[in-house]
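K.L.:
Below is one structure. I have some questions about it.
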Amino acid sequence: MTLKFHNTLTGHLDEFISQTPGQVSLYTCGPTVYDYPHIGNWAAYIYWDILVRTLIANDYNVTRVMNLTDVGHLVSDADEGEDKLEKGARREGKTAWEVAKFYSNVFLEGMNRLGLIMPQYITPATEYIPQQIDMVRTLKAKGVTYQIDDGIYFDTSKFPRYADFAHLDLDALQAGARVEFNPQKRNPSDFALWKFTPNGEKRDMEWEFDGRMGFPGWHIECSAMALAHLGKTLDIHTGGIDHIPVHHTNEIAQSETANGVRFSNYWMHNNFLKVDGSKFSKSLGNGYTLDNLEAKGYSLLDFRMFLLQGHYKSESNFTFDNLTSARNRLNNWRNIATLRHQIHDTLQDDNEKGNDDKSISLYATSQAIIEAVNNDLGTPEALKIIDDAFSKIVNAKLTNIHRQAFVQLIETIDAVLGLQLMNTTPDISDDIKRIILERNQARADKDWSKSDKLRDQLLTEGIVIRDTNSEAIWEYKN
Ligand SMILES: [Zn+2]
């Protein structure tokens, strides 16, 4: 099967070929851990979870690094302003170390709550200071750095391909350089590799480098930690589209200058999530957290379903109406997943080798889901394929569903999309099964009042009965 991803490096939908057959090295730019992540932050990690699941579904062994930025990310995203961690520390009356630890835990917990596959390496920048210093030394030795009052900078004019990745217009950047542009910098696009602690100040987080205290610039951590665990050339590097012109452009300049080879063969970038058509902003109060969604009665799987309805490269719009529709769709899917408990025991699994009419279309559906995500993580197409298959199943007689192929379909949906249909649709208890049988008998006996009474009893147990021409099918009451 062919895997294709939109590669920012080439601007094309490229066939994916890893450097080593069967192995993928993947780097994901992680969060800056100074505040609660909102759903727009989480969207990216859910999209990249689909990437990991897609690679695994194609039998790749994925080695993945994700950083936690716990130092050096300045408020302006450039090299001006306060460190976000130090700012968070002032806001909360804690040290930067305490803030980093607290929000790192919030983030890791959130990953678990969202059912995201954990990277093999989750690397806080503060734990890789020697590696970052090493890389700055390498760059210094290559003559591409210069030192000014507030730090050591990368001279972007020494990296001829600097503008290529983001198609930057460096002349326009020069002309448009802001008034507060640091006059000691040689070029507006030059960026800090290492910042000095200002004279007379003491930071919570600072390290000694060549006799002076300081801290790493924001970009160097990703280059250093990718090198430490994945080597000089990555198969895939992911991040948000906002990273293209500065952060990723700078990572490429540092890594390719230091290592002398291409930094990553594929670059994938996710688009933004908006809320009610607006960007996230403090003043709008629309930066919903995972807790906010749960407090309103939604599950985090509802949120996952909502996101998968859009494509990672397109802007999505979050509204609670959209989230409600996603929840309804997911509940509907769960009820269909329960049919596996209701397909009566026949010998079909043993006797039929899975190549009869009943099974063929289900096996083909599993295959089609994987093909949809193989085409640049086409989750909207995958969901449509599932809807089509499920609408046929819901209208089929149970005896016409091949149980083994059906279970495989549900497992494929869970493996590729992480919707946890198996986990969230347990079988009913024997007691409830007995009530259903009694009710079926009452109907057969045309004892309508007894049958109605038993139906009400089931409702109180959270079970709804759907009568078809030939069968009574149970569903969860949503
Ligand atoms: Zn990064």
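The values are calculated or read from the model by the stated rules, or taken from the named source; none is laboratory data. Please read these numbers as outputs of a predicted model, since none were measured by experiment. FYI the Cβ positions are ideal-geometry reconstructions off the backbone, even for glycines, and counts take in every protein chain you see. What goes into the accessible areas is simple: the full protein's heavy atoms, side chains included, and nothing from ligands, DNA or RNA. Shrake-Rupley method; radii C 1.70, N 1.55, O 1.52, S 1.80 Å.
K.L.:
If you take the square roots of the eigenvalues of the alpha-carbon gyration tensor of region 4-270 and sort them as a ≥ b ≥ c, do you get rounded (a/c under 1.5), prolate (a/b over b/c) or oblate? The partial results should precede the final answer.
P.N.:
Details: a/c = 1.70, a/b = 1.20, b/c = 1.41.
Oblate.
K.L.:
Here is a further query. With a 1.4 Å probe and every protein chain kept in, tell me what percent of the accessible surface of the chain is carbon plus sulfur.
P.N.:
It is 48 percent, rounded to a whole number.
K.L.:
Across bins of 5 angstrom width beginning at 0, how are the C-alpha pair distances of region 290-417 distributed, in whole percent?
P.N.:
Per 5 Å bin, starting at 0, the Cα pair percentages come out as 2, 10, 19, 21, 17, 13, 9, 5, 3, 1, 0.
K.L.:
Calculated from DSSP H runs of 4 or more alone, at -39500 (n - 2.57) each and per residue, what is the 222 nm mean residue ellipticity of the chain, nearest 500?
P.N.:
Estimated from H runs of four or more residues: -13000 deg cm²/dmol.
K.L.:
Under the 0.36 nm per residue contour assumption, what length would be gained going from the current alpha-carbon distance of residue 322 and residue 98 to full extension?
P.N.:
Numbers: separation 224, 0.36 × 224 = 80.64 nm, distance 3.69 nm.
The span from residue 322 to residue 98 would gain 76.9 nm if fully extended.
K.L.:
Pop the C-beta distance of residue 146 and residue 441 into the FRET formula with R0 = 56 Å and round what comes out to the nearest 0.05.
P.N.:
So, using R0 = 56 Å, E works out to roughly 0.05.
K.L.:
Okay, next question. Loop-only check: which chymotrypsin sites (Phe, Trp or Tyr not before Pro) in region 131-202 are DSSP coil with at most 14 other Cβ within 10 angstrom? Could the numbers behind the result be given before it?
P.N.:
Numbers: sites: 146, 153, 154, 162, 165, 181, 191, 194, 196; in loops: 162, 165, 181.
In loop regions of region 131-202 (DSSP not H, G, I, E or B), the sparsely surrounded chymotrypsin sites (Phe, Trp or Tyr not before Pro) are 181.
K.L.:
Using the beta-carbon distance between residue 384 and residue 20 and R0 = 30 Å, what value does 1/(1 + (r/R0)^6) give for FRET efficiency, to the nearest 0.05?
P.N.:
That pair, residue 384 with residue 20, gives E of 0.30.
K.L.:
Would you be so kind as to identify which of 37, 260, 110 lies farthest towards the positive end of the dipole of region 4-270, taking Lys and Arg as +1 and Asp and Glu as -1 on Cβ and the Cα centre as origin?
P.N.:
Of the listed residues, the answer is 260.
K.L.:
With each pseudo-label sitting 7 Å past Cα toward Cβ, what's the residue 138-residue 427 distance in nm, one decimal?
P.N.:
A separation of 5.6 nm, rounded to one decimal place.
K.L.:
Using 7 Å Cα-to-Cβ label points, what is the residue 391/residue 181 separation (nm, one decimal)?
P.N.:
5.7 nm
K.L.:
Express as a percent, rounded to the nearest 5, the fraction of DSSP beta bridges in the chain (both residues included) that run antiparallel. Numbers along the way, then the final one.
P.N.:
Details: 25 of 49 bridges.
Percent antiparallel among DSSP bridges in the chain is about 50.
K.L.:
Any idea of residue 136's accessible area? Nearest 10 Å², probe 1.4 Å.
P.N.:
It works out to around 0 Å².
K.L.:
Using Cα pairs under 8 angstrom and six or more residues apart, how large is the relative contact order of the chain, in percent?
P.N.:
Reported relative contact order: 16 percent.
K.L.:
Normalised by the number of residues in region 430-476, what is the relative contact order in percent for Cα pairs under 8 Å and 6+ residues apart?
P.N.:
Contact order relative to length: 26 percent.
K.L.:
Relative to the compact globular guide of 2.2 N^0.38 Å, what is the alpha carbon radius of gyration of region 430-476, as a ratio?
P.N.:
Compared with the compact-globule rule of thumb, region 430-476 sits at 1.02.
K.L.:
Mind checking the per residue accessible area of the chain for me, 1.4 Å probe, whole number of Å²?
P.N.:
45 Å²
K.L.:
Averaged over all directions, how much area does the convex hull of the C-alpha atoms of region 1-95 cover when projected, in nm²?
P.N.:
Orientation-averaged projected area of the Cα hull: 8.2 nm².
K.L.:
State whether region 234-276 is rounded, prolate or oblate according to the following rule on the C-alpha gyration tensor (a ≥ b ≥ c being the square roots of its eigenvalues): a/c under 1.5 gives rounded; otherwise a/b larger than b/c gives prolate, and the remaining case gives oblate.
P.N.:
Oblate.
K.L.:
Per 20 Å bin from zero, what fraction in whole % of the C-alpha pairs of the chain is there, up to the bin with the longest pair?
P.N.:
Percent of Cα pairs in each bin: 21, 47, 23, 9, 1.
K.L.:
First obtain the Kirkwood hydrodynamic radius of region 237-305 from its Cα pairs, then insert it into the Stokes-Einstein equation at 25 °C and 0.890 mPa s, and state the resulting D in µm² per second as a whole number.
P.N.:
So the translational diffusion coefficient is about 163 µm²/s.
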